[in-house]
Amino acid sequence: MNHMKKGVETHMCKRWRIITVLARAMALAAMVLLAACGGKRSGVVPLAVKARSKEEAFYHSLIVVPKDSPVQSVQELKGKTFLFSAPASTSGHLFPRALLIELLGITNEEVKQFFGNVLFSGVNDKSILAIA
């Protein structure tokens, strides 16, 4: 990694530091901290996140409805209660929320208005139990 660091510093004229995190939550916290500290204005921006495999580089999230539900599309969930896992969960809140915004053509602020109620279970397991 030192050769990579020296190359970036030489070609980009920027000093940088490698921070290794052991969990996705820590990586997310680090990015939030960088944004809170001024992001690009401070000259601090995340450069890359390393995954051990192609599968690990992607998040997979599911929108689940009860088995007997007639709902077949996200648009049909309008006015319904929507349960995310935890506010800081990448796979259980942040990415699904971003996808909903894209699919529905709404803003982040309009998510609560689209659904009748938006709640958080705290963890993925509780989300599944809530609809079982």
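The values are calculated or read from the model by the stated rules, or taken from the named source; none is laboratory data. Predicted, not measured: the structure shown is a model, and the values here were computed from it. So basically every Cβ, Gly included, is an ideal-geometry build from the backbone, and we count neighbours across all protein chains shown.
Of all the residues in the range 98-132, those that are in a helix (DSSP H, G or I), modelled with pLDDT of 90 or more and either closer than 20 Å to PRO66 by Cα or touching a Ser or Thr at 6+ places or on another chain (Cβ under 6 Å) (or both) number 2. Can you tell me how many residues within the range 85-124 are exposed (fewer than 12 other Cβ atoms within 10 Å of the Cβ) and more than 20 Å from SER73 (Cα to Cα)? Residues that pass the stated criteria total 2.
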